[in-house]
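Since the structure comes first, as structure tokens, the remarks are kept for the end.
The values are calculated or read from the model by the stated rules, or taken from the named source; none is laboratory data. Keep in mind that what you see is a predicted model, and the values were worked out from it rather than measured. Cβ placement follows ideal geometry from the backbone for every residue including glycine, while neighbour counts extend to all protein chains displayed. Calculation scope for accessible area: heavy atoms of the full protein, side chains included, ligands and nucleic acids excluded. Shrake-Rupley method; radii C 1.70, N 1.55, O 1.52, S 1.80 Å.
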Amino acid sequence: MRDQPSCPPPPEDVLEIGAPEQFAALAHPLRQRLLFALGQRPATVSRLAAQLDAKKGNVAHHLKVLREAGLVHIAETRQVRGGTEQYYQRTARHMVVAEPQAAGTAAMLAAVAQELDRSPTETHLTLRHLRLSPAKARELGEVLTKLVDEAEESTEDQPVHGVLVALYQQDQPTSSA
């Protein structure tokens, strides 16, 4: 028997990350892995713990942090053997950093660095500096977003890959001549 969801699904497909508690929540590698695992469908603490080879207590704690930051919600509950089983779901399919701030960005990049270290396969990491007009930079950003959005396959039997896309204008030093 399933109860009504405690939170309605989000009306939008994109959540803008901007609050300090959201950056803090995204700073831990297990929380990033939980968000990846919840990308396809809702899951219980037990299923997530088994899938990620983590302890149930750790998973429950990190889900609580993600929930308090508004990144996941309880999608549904089910009565099981006298208890209530909760199914967690991401609040949005896509999460974008609205206005990156140094502390939050550093925390997120540190979590990504840990994920790169844990990767069982060779990773691809490139930093390039390009000279682009504002129009060309905007076009590149749109193409990168479209490329990532269209790359995902709907089959659940494939491994999960993390993708971090950043496009920024480099600060120009002022000359003191």
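Per-residue surface analysis assigns Glu16 an accessible area of about 130 Å², computed on protein heavy atoms at 1.4 Å probe radius. Entry note, the range 62-109: relative contact order of 27 percent, from Cα contacts under 8 Å with a spacing of 6+ residues.
Evaluate E = 1/(1 + (r/R0)^6) for Gln169 and Val148, where r is the Cβ-Cβ distance and R0 equals 22 Å; express this FRET efficiency to the nearest 0.05. With R0 = 22 Å, the Cβ-Cβ based efficiency is 0.60. The listed residues Phe23, Phe36 rank as Phe36, Phe23 when sorted by accessible area, largest first, using a 1.4 Å probe.
Rg to Rh for the chain: what is it, with Cα atoms only and Rh by Kirkwood? Ratio of gyration radius to Kirkwood radius: 1.02. Here the accessible area is traced with a 1.4 Å probe on the protein chains. For the range 75-130, carbon and sulfur cover 51 percent of it. For the range 76-177, the alpha-carbon coordinates run over 76, 30, 29 Å along the three principal axes, in decreasing order.
From helices alone, the chain scores -12500 deg cm²/dmol at 222 nm; the rule is -39500 (n - 2.57) for each run of n ≥ 4 DSSP H residues, then divide by the residue total. Run the numbers on the chain and let me know its relative contact order in percent, using alpha-carbon pairs under 8 Å that are six or more apart. The value is 28 percent.
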